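Down below is the structure, laid out as structure tokens.
Every number in this text was worked out from the coordinates using simple rules, so none of it is lab data. Remember, predicted model here, so these are calculated numbers, not experimental data. Counting neighbours? That spans all protein chains shown, and the Cβs are built from the backbone with ideal geometry, glycine included.
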Amino acid sequence: MIKIKELYKSFGEAQILKGINLEVAKGETTVIIGPSGSGKTTLLRCINLLEIPTSGFVSVASKALAFKEGVQHTQKDIIELRKNTGMVFQGFHLFPHMTVLENVMEGQITVLKRSKDAAREMALSLLNKVGLKEKSLAYPYQLSGGQQQRVAIARAMAMEPAVLLFDEPTSALDPELAVEVLKVMKDLAQEGMTMVVVTHKMSFARDVANKVVFVDGGLILEEGSPEQIFSNPKHERTKLFLSMLDD
Amino acid sequence: MIKIKELYKSFGEAQILKGINLEVAKGETTVIIGPSGSGKTTLLRCINLLEIPTSGFVSVASKALAFKEGVQHTQKDIIELRKNTGMVFQGFHLFPHMTVLENVMEGQITVLKRSKDAAREMALSLLNKVGLKEKSLAYPYQLSGGQQQRVAIARAMAMEPAVLLFDEPTSALDPELAVEVLKVMKDLAQEGMTMVVVTHKMSFARDVANKVVFVDGGLILEEGSPEQIFSNPKHERTKLFLSMLDD
Amino acid sequence: GSNVNKQDSNASPAPDTTAKSESLLDTIQAEGKIRFGTEGTYAPFTFHDSTGKLTGFDVEIAEEIAKRLGVEAEFIETKWDGMFAGLDAKRFDAIANEVSIRPDRLEKYDFSDTYIVSKAVLIVQESNNEMKDFAGLKGKKAAQSLTSNLADIAKANGAEIVQIDGFNQAIDLLAAGRVDATINDSLSFLDLKKQKPELPIKVVAEQQDAAQMGIMFNKGNEELVDAVNKALAEMKADGTYLKISEKWFGTDVSK
Amino acid sequence: MFDDRTVRIIHILQDSFLPLLKAGITVTVPLAIISFILGLLLALATALARISGVKVLEGIARFYVWIIRGTPLLVQLFIIFYGLPAAGIIIDAWPGAIIGFSLNVGAYASETIRAAILSIPKGQWEAAYSVGMSYTQVLRRIILPQAARVSVPPLANSFISLVKDTSLAAAITLTEMFQVGQRITAATYEPLWLYIEVAFIYLMFCTVLSRLQNYLEAKLGRYVIK
Amino acid sequence: MFDDRTVRIIHILQDSFLPLLKAGITVTVPLAIISFILGLLLALATALARISGVKVLEGIARFYVWIIRGTPLLVQLFIIFYGLPAAGIIIDAWPGAIIGFSLNVGAYASETIRAAILSIPKGQWEAAYSVGMSYTQVLRRIILPQAARVSVPPLANSFISLVKDTSLAAAITLTEMFQVGQRITAATYEPLWLYIEVAFIYLMFCTVLSRLQNYLEAKLGRYVIK
Ligand SMILES: Nc1ncnc2c1ncn2[C@@H]1O[C@H](COP(=O)(O)OP(=O)(O)OP(=O)(O)O)[C@@H](O)[C@H]1O
Ligand SMILES: Nc1ncnc2c1ncn2[C@@H]1O[C@H](COP(=O)(O)OP(=O)(O)OP(=O)(O)O)[C@@H](O)[C@H]1O
Ligand SMILES: [Mg+2]
Ligand SMILES: [Mg+2]
């Protein structure tokens, strides 16, 4: 579903991603862990092209793009690839001037050109799924963080992307509120959604991930099944990092 | 060191604290846990009078105030009690227009009327203690979250308060950065600082707390040693809550 | 006998207690200066010469009046609206600014005797051969400042008035072809032609005795008005007036 | 009870009220509204040019704001009305005034709008891009509605200033309310009282605007916590 | 090469430059600076009154802002200079102009400052209170320095407007730069060119102000990420 080859990304002088290779199979959930500043967020942003990679190859579902310095892709190509992904941010980033329902309808109407009615129906069924149907007419500020994040997931899903990307979706939430968001994500995984999740919720990784990827210094240091990584990490660096996460 | 009796606090119609009784002995560390919205933050804010209690009795070190509806204490009384406490916020709230050093000097100069030299000396020694002496001249935006929180601790300590209050000091931090802040707090506890800490870092509570207090619905539901609370909670509610925290 | 001299006013006791009853003329002579309101932007009557000094026909007449009252003339420059408001507020004692003596003004203010009589001229573009007299204004656009009596002449001849702030603006409008004509003071026109001979405008008609100008005062200052009239009469009699008139216009403008 | 002068002034004020109000409603108000709307469009374009990242556009926008903010509105009107005819461009008073005032609003308001757009968190752009929106869609649907809320108070300031600045239109022969006041003054010689009356009518207009400002602030702000 | 008219205009512009500049430097600039400083103090007091929570103070502040924003500056100057003497209050042109312009700056800028103060996160107040500071200390040491940064661009707008608005002082007998321009016009009959020259000098002053604005924005913003 996702194929990334030799992905490099620099900001000015600073090289942040230094040749990432990653494949995610359809229906699988991949969890990315790694120290702060290692490039996890940058990697996700390169997958949906919020950042344009310096060089390398990115393909999601049917759409693939190769990047080189000096080569610019059209706005159209970028949007097309981006449409195959949905993104859920640490800070939710709901549109504050729209109701919950409008948040979930917006992209369907402007991007997918669905009719209002179709968009509303889709939105309501997704809100139902994340347990927020009765909050349809509320504004984001009237929701708790956990509720906001569930709306953000519904908003991303409404575009029917091939892959959902999550960047620390629960780290801004109290433990209690995190639980409800993780539950929704777990359900999605079980329904066969392809997902890439940056998170430090180890219990989620253990229960849900098909693959855990440890990123350090802009490189994938080690990847494998959750058991492999958590119980039997190959690298000292991984061991040290995991020791800091134990609650 | 702290004595709170029958503390009530309402915002308009909503009663948030419903009769809190709490004592914290000198040199002890008390950890407060409880679900979101239970009133933990409000309790801390009532101790240093960022919120004025609706009724009840609050004493910190040598200063005590009784509150009743209709009775207003003077600005002077409030500041005097407040001076006995230092507060560390979830969001750090450093003064962005001042360097690290100036942040730690500010209160000493304006409130304690120390000389600039004395304030600087004190500030440097505290910054040294939290491991940030070499960042003295940086501005807050140039620091990581963990570093900012350590400066906030130094800023609170510079006022030499009798008690330090912490409101989820690490919940805005990555696990790695949280570690460095928790270490500083642990050192303080070992040096005999009196502290009240709202946190969900259970390992910290287990290692450092003399007492754990579980707050729910504006009341203290249960309190005891960490072992008591974590291994043998009396209430179902406490058990349920703790089950959500296991990573 | 209202011309009180300095000794008289010095003789009046305790000026602060009787300040109310003291006449404006007394005050002027006590202070040794008379304050004139003037625009300072209306050549050649009241304007600043190339060195920046306030001068002009009205200014020199006012100075001469002051001299004959035995006081200094002080000029306070303000806009046209501020002129009336300033006199009302007693910011100055009189106005020397080519103010024409009109019945409506006389309702609220007093005037001195006439010190200049203006002829109104009809000014059009050089290329305009249709308009030959004031009657030709009918249905045409004339740029006029509404505060002047020249606007009344234009209106009386059936012109559509385009309101302007001053002569300059009228000339701009005329030159830009935005209006067909303007009626103005012949003396201003001559001064303009002196400064800008290349301007493609011309005079096609003249009207005698269009207006009589006087120094303007608040009502209730008869002593001062009388004193000023006396000074005007004296300067006309001894030739001083003629000298000033010829200096600015090369002719006697009192008739 | 009242002396003659007072009676006279009361009469003048009574007689002048309707003519003044009429000039206000037929000239001052439409001039202000039309110029403000056009000016806002210009301001939006200028603000977008300023943050476009395209050097040439940025340069043009900067230059425009610099010239217009740096020179008096009266002079700008003069140049449009008396200067352009020399270059063969003859614009009537009404369009001339609208052009002048719009250019002015455009320059000042562009700074406000630019600041408002920049104040919307980057996360909003990214969230909107991440659902596949194009630049224009993001701007129209997500950013501008939020920027509108932030910019209402300063734009209201601009609008209220504009209502009063329209009095400069008299300099280019447009007879607006202030000018009517001056006409009446020319016949009645009571400038101070007429000015106060004119000020009173401006105050009425501006009070309506302030109300509108409060209404818009409340409406656009319904989705934020007070 | 040049025709007579051109040569004449060039001479006029050359001769008038120094007198204009002198009026600008001795009247326009000091008038604007003094009024702006006093106006800022007034604006600060008004803004604090507006957010004080004391109903009476809030009411007074609101009323003041409403009256001043709602009526033309020219009328305010008129009332101060020509109206107050009727009540026995005689104020000279300079102090009168300074009072008028300060009151105006005070009203408009108070809205800016109020918004800026409210834009500082509540956490800053609380952090400062929590180290034991009093209201005034928090305001002076923590809030205002940060609010200053936010309010530089809109206050710069106000200052730049003020520089040009000082031309209204001519109506109350203060001969500032614009009036000097009109004087020269009266003798030379070249209003358009004189106006352009005057505009050029205003532009110079305003350019300096824009530079100052950029400098202040950079200096006060040194502690935030770009
Ligand atoms: N737009 C940018 N310009 C310059 N540097 C950037 C930019 N975005 C990220 N970086 C830098 O890239 C590095 C990696 O950042 P990234 O956000 O990908 O890390 P991360 O692994 O997500 O860390 P965290 O766990 O803290 O979120 C950091 O050093 C960061 O400062
Ligand atoms: N200023 C206020 N006005 C009105 N209600 C308030 C205010 N501050 C807090 N509350 C309400 O009081 C309740 C308790 O809030 P508090 O912040 O003390 O909870 P908490 O235990 O700290 O929760 P969390 O874990 O989410 O920080 C919440 O319902 C909250 O909405
Ligand atoms: Mg990240
Ligand atoms: Mg809390």
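Summary table below
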quantity: Net length gained if the chain between A:Asp187 and A:Phe11 were fully extended (0.36 nm per residue, minus Cα distance); calculated: 59.7 nm
quantity: Mean Cα-pair separation over length for chain B, i.e. relative contact order, pairs under 8 Å, 6 or more apart, %; calculated: 26 percent
quantity: Separation of alpha-carbon centers, the stretch C:109-156 and the stretch E:81-135, rounded to whole Å; calculated: 50 Å
quantity: Per-copy distances of the A:Ser144 label point, shortest first, in nm (7 angstrom along Cα→Cβ); calculated: 3.1
quantity: Computed label-point distance, nm, for sites C:Lys255 and C:Lys138 using a 7 Å Cα→Cβ extension; calculated: 3.6 nm
quantity: Distance violations [Cα-Cα > 19 Å] among A:Lys9/A:Lys239; B:Lys40/B:Lys201; A:Lys3/A:Lys68; A:Lys68/D:Lys122; C:Lys53/C:Lys247; B:Lys26/B:Lys83; calculated: A:Lys9/A:Lys239; A:Lys68/D:Lys122
quantity: Contact order normalised by residue count of the stretch E:4-221, Cα under 8 Å, 6+ apart, percent; calculated: 30 percent
quantity: Inter-copy label distances at D:Gly88 (7 Å, Cα→Cβ; nm, one decimal); calculated: 6.8
quantity: Number of partner chain Cβ atoms within 10 Å, mean per residue of B:93-100; calculated: 6
quantity: Linear extension gain, A:Lys76 paired with A:Ser62, 0.36 nm per residue minus alpha-carbon span; calculated: 3.5 nm
quantity: Rel. contact order, % - alpha carbon contacts under 8 angstrom, at least six apart, the stretch A:55-183; calculated: 33 percent
quantity: Proximal aspartates and glutamates to A:Lys63, defined as alpha-carbon separation beneath 13 angstrom and excluding residues fewer than eight positions away on the same chain; calculated: A:Asp77, A:Glu80
quantity: Inter-part distance where the stretch D:8-35 and the stretch B:3-32 are each reduced to a Cα centre, Å; calculated: 64 Å
quantity: For chain E, calculated [θ]222 nm from helices alone, where every DSSP H run of n ≥ 4 adds -39500 (n - 2.57); calculated: -24500 deg cm²/dmol
quantity: C:Leu54 paired with A:Asn128, simple spin-label distance in nm, labels 7 Å along Cα-to-beta-carbon; calculated: 8.7 nm
quantity: Label point 7 Å beyond Cα along the C-beta direction, distances from E:Lys122 to other copies (nm, shortest first); calculated: 2.8
quantity: Theoretical ellipticity at 222 nm over chain B - DSSP helices of four or more residues, -39500 (n - 2.57) apiece, nearest 500; calculated: -11000 deg cm²/dmol
quantity: Loop-located GluC sites (Glu not before Pro) in the stretch D:134-226, at most 15 other Cβ atoms within 10 Å (DSSP); calculated: none
quantity: Average beta carbon contacts from partner chains per residue of D:131-144, 10 Å cutoff; calculated: 5
quantity: Aspartates and glutamates whose Cα lies under 13 Å from that of C:Lys236, excluding same-chain neighbours fewer than 8 positions away; calculated: C:Glu64, C:Asp113, C:Glu246, C:Asp252
quantity: Spacing of the two label points (7 Å from each Cα toward its C-beta) at C:Gln195 and D:Leu212, in nm; calculated: 4.2 nm
quantity: Total formal charge among the other residues, if their Cβ is under 12 angstrom from that of B:Val111, Lys/Arg +1 and Asp/Glu -1; calculated: +3
quantity: Average beta-carbon neighbours from other chains, 10 Å sphere, peptide A:167-176; calculated: 4
quantity: Stokes-Einstein translational diffusion, chain E - Kirkwood Rh over all Cα pairs, 1.567 mPa s, 4 °C, in µm²/s; calculated: 65 µm²/s
quantity: Peptides D:88-99, A:194-205 ordered by average Cβ neighbours within 10 Å, highest first; calculated: A:194-205, D:88-99
quantity: Cβ-Cβ FRET estimate between D:Met204 and B:Val179, R0 fixed at 41 Å, reported to 0.05; calculated: 0.05
quantity: C-alpha center-to-center spacing [the stretch A:175-247, the stretch E:179-226] in angstrom; calculated: 61 Å
quantity: Most to least packed among A:97-109, B:60-72, B:171-183, E:12-24 [average Cβ atoms within 10 Å]; calculated: A:97-109, B:171-183, E:12-24, B:60-72
quantity: Full-stretch length increase - E:Leu118, E:Tyr135 - with 0.36 nm per residue and alpha-carbon distance subtracted; calculated: 4.6 nm
